[in-house]
1. Using DSSP H assignments, which helices in the chain have an axial alpha-carbon span of 15 Å or above and a mean Kyte-Doolittle hydropathy of 0.0 or higher?
2. Can you tell me how the stretch 89-137 classifies by the Cα gyration tensor, rounded, prolate or oblate, using a/c under 1.5 as the rounded cut?
3. Which of Pro75, Pro43, Pro27 ends up with the largest GNM mean-square fluctuation for the chain, with Cα atoms connected below 10 Å?
4. Over the chain, give the accessible area per residue in Å² for a 1.4 Å probe, as an integer.
5. Classify the chain: rounded, prolate or oblate, from the alpha-carbon gyration tensor (a ≥ b ≥ c, eigenvalue square roots; a/c under 1.5 rounded; otherwise prolate if a/b is larger than b/c)?
6. Just tell me the longest site-free run in the chain, where the sites are trypsin sites (Lys or Arg not before Pro) in a DSSP loop having at most 10 other beta-carbon atoms within 10 Å.
7. Can you compute the helix-only [θ] at 222 nm over the chain? Use -39500 (n - 2.57) per DSSP H run of at least 4 residues, normalise by all residues, nearest 500 deg cm²/dmol.
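The values are calculated or read from the model by the stated rules, or taken from the named source; none is laboratory data. Computed from a predicted model, the values in this text were never measured in an experiment. Virtual Cβ from ideal backbone geometry, glycine too; neighbours counted across all protein chains shown. These accessible areas exclude ligands, DNA and RNA; they are computed on the full protein's heavy atoms, side chains included. Shrake-Rupley method; radii C 1.70, N 1.55, O 1.52, S 1.80 Å.
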Amino acid sequence: MFAGVLPLGRRELRIHRLPAVGVAAAPLLGVVFALGWTPCIGPTLAVVYSLALNEGTAFRGGLLAFVFALGLGLPFVVAGLLYARMSRAVGFLRRHQTAVMRAGGILMVVVGLLLVTGLWTTMTADLRQSFATFTPPI
């Protein structure tokens, strides 16, 4: 379905009456954005907080959280500043939307096969073992 092979899930729900946009809508947009990103950010933020709690000083923990926040927010600030230039990149992605969708769908199938065969567990165990002695440089 995600690769565009099966014709399922292609229906869109659109609101035809656009509400007035203003500063009051910003918190609502933030809540909706946070709901969509929670599954992606949650595990990473948990690791950052875990490292922050185990670093021994409030300064080092705060610095780790600050760097995480910078890494999360700076791309959005840069995208806002370079909006005109980014419109070309967005246009390119829009023109090649089908290829991007198919590549993403194929990657999801590959990960699913790795999960079913147990190779995913082996790969992540190898990665965990490789990085077991890692200590943050901060």
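1. 25-54, 58-81, 97-117
2. Here the stretch 89-137 falls in the oblate category.
3. With Cα springs under 10 Å in the chain, the top fluctuation among Pro75, Pro43, Pro27 is at Pro27.
4. Result: 86 Å² per residue.
5. Oblate, since a/c reaches 1.5 and b/c is not below a/b.
6. Counting only loop sites that pass the neighbour cut-off, the longest clear stretch is 18-138.
7. It lands at -25000 deg cm²/dmol.
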